[in-house]
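Input: a single structure, listed below in structure tokens.
The values are calculated or read from the model by the stated rules, or taken from the named source; none is laboratory data. None of these values were measured; they are calculated from a predicted model. All Cβ positions, glycine included, derive from the backbone under ideal geometry; neighbour counts span all protein chains shown.
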Amino acid sequence: MKPFSLYHLFNDHFSALQAPLVETIVKTAAPDAIFLLGASVDHRRSESIFRAESPTARHVGECTVLVLLPELQGKGLHDWQEQIEVHCHAKLLPLTALVVRTDRFEDWLREK
């Protein structure tokens, strides 16, 4: 599967973000797998009467991940989703987590 173009534009940022993001999710939920599904870019431009150029800044503002969990350990999928999102937002950046049991995900793959 080809990475989306945003990944190539912000390769350094994703490289720096990958390890702490994976570490945070693994400490929170101990998943079987984590897939980066998408990301959004925040773009800021400042204008001033004192400068002819307008400085701009772009950075990854939010990510969406698919997290496969082997067991729910008595919690609901929404509970895991909330816990992962809260931990990632507090430590790194806003994140949307789609949480699915690994066996259910494998069933979906077999159905195709």
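Checked against (1) within 20 Å of LEU17 (Cβ to Cβ); (2) acidic (Asp, Glu); (3) surrounded by fewer than 15 Cβ atoms within 10 Å (Cβ to Cβ), GLU85 meets all criteria but (3).
For the range 66-86, filtered to residues that are at pLDDT 95 or above and touching a Leu at 6+ places or on another chain (Cβ under 9 Å), the residue that is nearest to PRO31 (Cα to Cα) is LEU69.
Among the residues of the range 81-112, those identified as within 15 Å of the chain's Cα centre (by Cα) and of a type outside the set (A, V, I, L, M) are GLN81, GLU82, GLN83, GLU85, HIS87, CYS88, HIS89, LYS91, PRO94, THR96.
Taken over the range 1-26, the criterion of being at pLDDT 65 or above and surrounded by 15 or more Cβ atoms within 10 Å (Cβ to Cβ) is satisfied by HIS13, PHE14, LEU17, LEU21, THR24, ILE25. How about the range 59-69: which of its residues are surrounded by 13 or more Cβ atoms within 10 Å (Cβ to Cβ) and touching a helix residue (DSSP H, G or I) at 6+ places or on another chain (Cβ under 9 Å)? Matches in the range 59-69: VAL60, CYS63, VAL65, LEU66, VAL67, LEU68, LEU69.
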